[in-house]
Structures are given as structure tokens and as C-alpha cells.
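**Q** The following block contains the structure, expressed as C-alpha cells.
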Amino acid sequence: ASTIVRSSESVGNEMSAATVSYLHRVREILAGSLRSVEAGESLDLESLVTELASCLNSLSENVASNASDDEHENDVTLNASDDEENDVIIQVLDEILKFLASPRIDQDVMDALSFELPKAISKFAGLSSRCLELAEAIVDRFVEACNPRDMLSVLCEALDAARVSLSLSSSSTPLLHGLSKVFISVRRRHYEQLKVAVPIVVNVLKDMSLEPDIQPEGLFDKALGIAVSIKDVASKLEKEEGTNVRSLLGLYLMQITAVLSVSIKDKVDSGVPLVMQLKPLLAYCGLTHLGLITGNDPERLLSTISKDDDDFLNSFHDINLGASLLFIWARISPEVADVANDVDELQSNPAKRWQAYGMLKHILASGDLLWEFKRRTIEVLLDIVKGVAPSQCNEEIDWFTSILKCLVYFSQAVTLVIMYAPDADLRKKTFETLKRIISDIPVSQRFDVLKALVTNSQSSTMRGILLDQVKNNMSTSSLQATDCDAHVSELVELVLKPPHGGPPLFPDQSDEVLAALNLYRFALLNDGNGFLSKKTLERDYKGWLLPLRTIVSGSIAENQREKDHDQESSLEILCILNRIESLLYWCIELVEERLKSH
């Protein structure tokens, strides 16, 4: 044991000595520079910046290495050494701050150091509250003394570099703190400057939200500080530039709502007090919950921003997710807003209702959010569709056609929840939601949506469910008036004769095969208008009904032979195959009868 203690003491002493040597070196560099300034000698600024930055970077690497070693050594002596190391770093940062505060330091020195020091000293911000305090004070000193436009570029570059840091959350704090002050200090071309800087901030915040140990409160404080700063800038501007900055702020609020929501790893309700703080900012930007959930507000704000700026738009690709989440947050807490009137408006206005469906798909399709957000979204959808009567419209609707692709994506997102939701209650509610939304689709386009869903689904069970919905919707009098029966054969063929080749696999694809045969049987029994022509029937009969009969018979015989080895499994498969065989023979008989009558 004494050997271990001596070893730990030796390691601790080596760590302390190495750290102290950096302190001495920083003092030498700063003292030498100050003497040169006082003596009126020319100062080699490039050498000063290089030496000081190199020393600080080496120190940060040494600290990171020591921290890594500490993970393997949990000893009181090492902990004491960590405290000594922290004290030394505090002295280093304090020496730098005193140097920058000296009235004898001219502007050239400040400008030269401003390009490297913010990036270097930010790496120590996470060591202690005192280190963070000193790092912020150093950045503040540069913000006060240097050109705001130059500092904007410096801090943005430092933030971008910090994204590869192992401690992004702590190292970005003094930089974001400084940036919020720089925004207000910029004297002209505010919008152009913000349009460059804000996407960098958004990317940093998004990276932070994905850190496993991130605290939502700390993340939100950083994001809110930037938002308040942008608002202060906008309030001083007039006309077009003021409108542009407000639009930028509105988009930023949507984006950080998405970022905050992703960072919540425990209880959704814990985020309510945070989101409440956005309420006055949302109102300042003219955002309403109805405008957010229909997508009109995001579209309006984007229309003021250049849509050709790909770099900008790539950083704000979660604004629709954020806009949808703001509506959900409003439902979570009555203190945020009472959205009951908005739900009534969505129930009575089909165009706005379908816009809302298209927006809410972003929550349902997200893989980064807690399931609780999806549960809340499904509950909102149920509230909306429960007050809507099934559509009986047979005419083409222009606005619906324009968002048809988006609605297919929405329905696909709903099916993902049905398949992967962690509890039966949510799956049940989601399935009920899907049925009601399908019935809300105008009759003339309902079959197209269902066909797209079946075609793009990769799950046999889900395809079976969707094919059942095709059958159920065919049974309505309104849908019988369309020519959907003419396309049933094509839809069934996707399952029974897959386009990628080969027959359906049993028992993996049993669900969709059963549903497809059941749909085909229903179409045969209800084809009063003769949409299934003799040519179609002959193609179906020879193309996949007879070949499928051979495959099913072979599968049944094979499972009969394997029954002795795994009786329980084989019996279950045989039951499914027997159901398929029975339904298949029924379809074959119906087709043969129809062919005889032609």
C-alpha cells in the first residue's frame, strides 16, 4: 500500500511541476512583452501571439492528459494534485487578464492577441467556476477593446473549432457569452453579420444537445442569451433590416426549441419552465401557435431570408420540427398558451388541418426525441380528427394535390410509431389516428395515398394493415364510385409477385399475403362495375395465383415433414399457411367463375 501511495505522490508531484512550469513560462512571456512596451521598444507581435498560444495549448493538452490518467487512479493524493493544478491554471488566467487590463497595452497588441487567446483560454472554462469566470472576463476585455466586426469573426471561428472539443458545452460558454455582447456592439450591417454568425451558434448548440450528460437548463441558458441579444439588436433597427433580424430571431427560436427538446432525456414536463421564457420573444416575432402548426409562420419568415443560401438553410433544417414542438409544448402546459381555439380552427378548416398533419410528421419521424413527445403528438392528432367527419368529396382538390407527397411522408411517420412504439396503448391510439386520417383524405386521392404507403413500407405486418385499410375504404359507397378496383390487381401483385423478383417468403411475409388475398377476394366479390377485365383476370390467374398455389402447397408439405423436429413452431406456421391456402383457393375459384362468364 505504501508503494502505491508513494507512486501516486510521485505522479501528483510530476503533474504539479509540469503545470507550474507553464505558469512560469506565461509570466515570462507577459512580463517580457510589458517591459518592451514600457521601454518603447518595438514588440514582435507575431512572436508574442505564437509563444503565448503555444504555451496555453500545451497546458490544455497536459490538463486533458492528466484528467485521462485520473480516470484510472482514484486516490486522495491525486485529487489534491488536481486542486493544485486548478489553482495554477487560475493564476495563469489571472495573469493574462491583468496583462490585458494594463493601460500600457496598446491597440495593436490587443488586436494581435484577440485572434488566438479566446480560442485558447476557452478550453479551461470547464475546470471550475472560477476558471469560467476568468475566461469570460478575458473574452469580455477583448470585446470591449477590439473592433466588434473583428471579434465577431474571431469568436465564430473559435466556436467552430470548439465543435471538435471533448468538452464542447464548457468550452463554448465564454465564447457564446462574448458573442451575445458582440452582437449588440456591431454598428452597421447587422443583418449580414448575424446571418453568418447565428448558423454557427445553432450548429454548436445542436452538437451540445446530443452530448449524453448535457443539462437542458444550461443549454437553454446559452441559447436564450443569444436570442435576447438578437432581440436587442432588432429593437434598435428600423424598416427592412429590422424586419430581417426579427425573422432571423423567429427562425432561431424554432431551431433552439428543437435543440432543447432533443436534449431532454428524462421527463418532458421539466422543460416547460424553460419554454415559457420564449413566450415574449415569440410574440415579438409575430409568431402564433396556429401559424406555427400550419407551417405558415416558418414559411413567412423564410421568405424574408434568401432561399438560395444553402449554408444558412442547412443550419436551420429543424425549424419545422421546432415549430411543431412549440405547439406541443403549448398543449403540455396551459400556462404557455391555450390552444383549444386553434384545435377548433383545424377541425373546421381542411386546408389548415392537412398543413398541420404535414408539420407534425417531423416529430413522429424524429429518432432523437423522447417517445413522450410522440405520445403527446398523437393525442393532439386524435383531438383534431375526432371532430372531423370522414371526407365524402370525390373532386380533385388543388391545395391537397400540392401537399400529397408531404402527406404520404406523414402517414409513413405514423406507421413507424405503430410499429416501434414501446407500449400497446400508444400503438392503439396511433392506429386509430391513422384510420381517421385516411378517412379524412378526399376520396379521389385516398387510394393514391394508400397505394404509396403500401409500396414504400418495408414491414410485412404494416403492409398487411395498410392493405386492410384499402379494403375497408373500398367498402364505403363513396370509394366504390372511383376506379380504385382497377388498380387493386396492381397493388396485390406488389405483394404476391414482388417487383424485385422471387415469390413472397413464408412465414416472414404471411401477414401481407393474407391481407393481399383478402383484398383481392373482396374486389372480386364487389366488382359490380366490371373494372377487373378479362385480360387483367387472365394475367392475375396465370401470373401469380397459380404459381402461388404451387409455392404454398410446397411450403405446407415441407413444414409437415419438419413437424417432428420443432412441433410447436411448425404447427404455428402450418396454421398460417392453411389460412393462406384456403383464401388462395377461394380467389382462384372466383377468378375461374369470372373468366367463364366473360
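Throughout, read-outs are computed from the coordinates displayed, never taken from laboratory work. Note that the structure is predicted; figures quoted are calculated from it, not measured. Cβ coordinates were reconstructed from backbone atoms using ideal geometry, including for glycine residues, and neighbour counts include every protein chain displayed.
**Q** Give the cross-link partners of Lys596 among the lysines, using a straight C-alpha distance below 22 Å as the criterion and excluding same-chain residues fewer than 8 apart.
**A** Lys534, Lys535, Lys542
**Q** If eta is 0.890 mPa s and T is 25 °C, what Stokes-Einstein diffusion coefficient results for the range 215-337, Kirkwood Rh from Cα pairs, in µm²/s?
**A** It comes out at roughly 168 µm²/s.
**Q** Tell me the Kirkwood radius of the range 121-194: reciprocal of the mean inverse pair distance over distinct alpha-carbon atoms, in Å.
**A** When all Cα pairs of the range 121-194 are included, the Kirkwood radius is 12.4 Å.
**Q** Here's something else I'd like to know. At 0.36 nm per residue, minus the direct Cα-Cα distance, what do Asp269 and Ala64 gain on full extension? Give it in nm, one decimal, please.
**A** Here the segment from Asp269 to Ala64 would lengthen by 70.2 nm.
**Q** Applying 1/(1 + (r/R0)^6) with R0 = 60 Å to the Cβ-Cβ distance of Glu538 and Lys239, what FRET efficiency is obtained, to the nearest 0.05?
**A** The value I calculate is 0.25.
**Q** If you don't mind, another one. Quick one: if the Förster radius is 45 Å, what FRET efficiency do Arg104 and Val20 give, using the C-beta to C-beta distance and rounding to 0.05?
**A** Once rounded, the FRET efficiency stands at 0.95.
**Q** Moving on to the next point. List the pairs from Lys279/Lys428; Lys195/Lys222; Lys374/Lys428; Lys231/Lys374; Lys265/Lys428 whose alpha-carbon separation is above 23 Å, in the order I gave them.
**A** Lys279/Lys428; Lys231/Lys374; Lys265/Lys428
**Q** DSSP loop (so not H, G, I, E, B), at most 12 other Cβ within 10 Å: list which GluC sites (Glu not before Pro) in the range 284-355 pass both filters.
**A** Filter output for the range 284-355: Glu335.
**Q** Determine the dipole magnitude for the range 124-268: charges of +1 sit on the beta-carbon of Lys and Arg, -1 on that of Asp and Glu, nothing else is charged, the reference point is the Cα centre, and the result goes in debye to the nearest 20.
**A** That gives a dipole near 360 debye.
**Q** Something else about it: Rounded to the nearest Å, what's the spacing between the alpha carbon centres of the range 579-598 and the range 143-174? Just the number, please.
**A** Value for the Cα centre distance between the two parts: 73 Å.
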